[in-house]
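The values are calculated or read from the model by the stated rules, or taken from the named source; none is laboratory data. The structure displayed is predicted, hence computed values, not measured ones. Cβ coordinates were reconstructed from backbone atoms using ideal geometry, including for glycine residues, and neighbour counts include every protein chain displayed. For the accessible areas, the whole protein counts, side chains as well, though only heavy atoms, and no ligand, DNA or RNA atoms are used. Shrake-Rupley method; radii C 1.70, N 1.55, O 1.52, S 1.80 Å.
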Amino acid sequence: MTQATQNPVDIINARVPGYKDLQMLLVDEEGIIEQILPMGTVETRSRASIINVAGDWISLGGVDLQINGALGLAFPDLTAENARKLQKISQFLWDVGVDGFLPTLVTTSVENIQRSLAIIAEVLRNQPAGAKILGVHLEGPFLNLQKRGAHPAEYLLPLTMDRVKRVLGDYAHVVKVITLAPELDSTGEVIPYLRSLGITVSLGHSQATSAQAQRAFEQGATMVTHAFNAMPTLHHREPGLLGAAIINPDVMCGFIADGEHVSPMMLQILLRASYQEQGLFLVSDALSPLGLPDGVYPWDSRQIEVKNGTARLANGTLSGTTLALLVGVQNLVKWGICDVESAIALATNAPRKAIGLPGIAKSQSANLLRWHWDDTTKELTWQRAITAEMLKKPEAGNLSVALNSM
């Protein structure tokens with residue numbers, strides 16, 4: 001909502017993640033949140049249109065920090081010819097509740113990485129409508145061969161300053177997050193260097209011990225990529241990378257809630273140990289068939305088969321999902337391992353916190369989702385709570401009726 005609107009809006013009787021009791025959200029004519037106040041603090045504004053959400057949850061849209069593609073386009077395969085598809089992907093992601101995302105480049109040739117970074121850098125100068133690109137997540141190529149998962153071995157690189165500078169080239173300003181295996185850096189120079197560039201360092205696809213992970217955190221790493229996957233398991237004598245992350249209050253772990261990458265029971269353990277959105281955030285890890293039906297699709301020089309939203313290589317290796325981010329929110333509630341407030345926060349406030357962005361608060365754009373829990377069906381559903389179209393110069397007296405009928 002960047003364009004001027006004709007009516008301020010007061011959203012009343014809302015539950016807001018991170019706020020106690022029912023709240024009132026005051027949205028100005030520009031679509032900006034002016035205040036979030038407890039109900040009863042002030043009267044509704046006489047000139048404002050009123051949305052009574054009757055106890056439903058209101059949140060910002062989702063932010064996906066690990067998404068590999070959508071609508072048949074893998075982000076490492078970006079070219080001048082298919083770059084226009086980014087506009088369709090941005091609109092698609094907006095339609096499935098995502099406000100911002102990090103196009104994720106998995107391990108591929110340096111040439112492919114540079115080409116994709118160049119295209120995304122150009123798009124960042126003139127963002128399309130829909131979900132906003134917040135930067136790039138480089139998932140590789142500095143990964144441990146033994147934990148590469150579906151990443152092609154031939155493109156993995158040693159973790160050295162020279163190699164890092166070569167991969168980043170002229171596009172370090174585009175990269176927001178990089179996933180690497182810290183045990184590959186024998187000098188201890190790489191993580192501080194990346195942090196000096198403003199890049200968030202995430203540990204993943206790694207064999208790091210707890211001691212090696214702790215050193216990486218001391219050097220400035222603050223994230224872990226898809227907890228449990230492509231890293232040593234938690235062990236009572238060697239907690240490993242994940243154990244070190246869980247007990248570190250300055251580290252946040254991304255995780256996938258599709259029921260395949262991690263069992264719901266293990267997610268419950270992770271959620272309890274990490275104080276939910278204080279130390280965790282949801283990612284989709286969705287692949288290029290996101291938004292397409294199940295089937296067989298090309299993936300770099302190989303193929304993946306998608307069944308029921310899960311993608312695997314021909315040898316059975318799990319390579320990702322085709323489920324959108326907010327499906328993970330619904331899964332956490334459906335499985336009974338997360339309350340509604342925490343589940344919503346894990347996809348909205350928590351990923352923003354992980355990359356230094358504010359959660360829902362005063363002065364934020366009011367791109368808001370409305371979440372409804374049906375106590376009869378035990379289903380959590382969502383919809384866009386406000387859109388610019390709703391706020392454009394309505395016929396007198398009609399807007400409140402239209403909004404309250406949502």
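The number of residues in segment 334-352 that are in contact with a helix residue (DSSP H, G or I) (Cβ under 8 Å, 6 or more places away or on another chain) and assigned to a helix (DSSP H, G or I) comes to 9. Take GLN214 and tell me if it is more than 28 Å from LEU346 (Cβ to Cβ), touching a residue at least 24 places away in the same chain (Cβ under 8 Å), in a helix (DSSP H, G or I) and not hydroxyl-bearing (Ser, Thr, Tyr). Spelling it out, it is not the case that GLN214 is more than 28 Å from LEU346 (Cβ to Cβ), touching a residue at least 24 places away in the same chain (Cβ under 8 Å), in a helix (DSSP H, G or I) and not hydroxyl-bearing (Ser, Thr, Tyr). Against the numbered list (1) within 23 Å of PRO76 (Cα to Cα); (2) crowded, with 16+ Cβ neighbours inside 10 Å; (3) at pLDDT below 95; (4) of a type outside the set (Gly, Ala, Ser), LEU292 comes up short only at (2).
Entry remark, segment 217-235: residues being open to solvent by 50 Å² or more (accessible area, probe 1.4 Å) and either part of a helix (DSSP H, G or I) or among the aromatic types (Phe, Trp, Tyr) (or both) number 2 in total.
Scanning segment 113-156 for residues that are in a loop (DSSP other than H, G, I, E, B), out of contact with any strand residue (DSSP E or B) (no Cβ under 7 Å at 6 or more places or on another chain), open to solvent by 20 Å² or more (accessible area, probe 1.4 Å) and closer than 22 Å to GLY198 by Cα turns up ARG125, ASN126. Within the option set GLY72, GLY100, GLY61, being at positive phi and not β-branched (Val, Ile, Thr) holds for one residue only, GLY72. β-branched (Val, Ile, Thr), buried (at least 18 other Cβ atoms within 10 Å of the Cβ) and touching a Ser or Thr at 6+ places or on another chain (Cβ under 6 Å) - does that describe any residue in segment 179-187? Checked segment 179-187: at least one residue is β-branched (Val, Ile, Thr), buried (at least 18 other Cβ atoms within 10 Å of the Cβ) and touching a Ser or Thr at 6+ places or on another chain (Cβ under 6 Å).
Within segment 46-58, identify whether any single residue is in a loop (DSSP other than H, G, I, E, B), closer than 18 Å to THR348 by Cα and modelled with pLDDT of 95 or more, and answer yes or no. Among the residues of segment 46-58, at least one is in a loop (DSSP other than H, G, I, E, B), closer than 18 Å to THR348 by Cα and modelled with pLDDT of 95 or more, which makes the answer yes.
Scanning segment 311-354 for residues that are open to solvent by less than 20 Å² (accessible area, probe 1.4 Å), more than 30 Å from SER365 (Cβ to Cβ) and polar (S, T, N, Q) returns a single hit, SER319. Just one of (1) under 24 Å from ARG352 (Cα atoms); (2) over 23 Å from the mean Cα position of the chain (by Cα); (3) open to solvent by 60 Å² or more (accessible area, probe 1.4 Å) fails for PRO298. It is (1). Cβ separations smaller than 7 Å between residues 6+ apart or across chains give the following pairs from segment 357-377 residues that are touching a residue at least 60 places away in the same chain (Cβ under 8 Å) and over 18 Å from LYS132 (Cβ atoms) to residues that are open to solvent by 30 Å² or more (accessible area, probe 1.4 Å) and not in a strand (DSSP E or B): ARG370/MET406. Evaluate the following for PRO38: is it in contact (Cβ under 8 Å) with a residue 12 or more places away in the chain and under 30 Å from THR225 (Cβ atoms)? No, not satisfied. The residue that is most open to solvent (accessible area, probe 1.4 Å), among those in segment 72-88 that are in a loop (DSSP other than H, G, I, E, B) and over 15 Å from GLY130 (Cα atoms), is GLU81. Report, ordered by the first and then the second residue, all pairs with beta carbons closer than 9 Å, sequence separation of six or more or different chains, a first member in segment 95-112 that is part of a helix (DSSP H, G or I), and a second member that is among the aromatic types (Phe, Trp, Tyr). Listed pairs, sorted by first residue: VAL110/TYR155; ASN112/TYR155.
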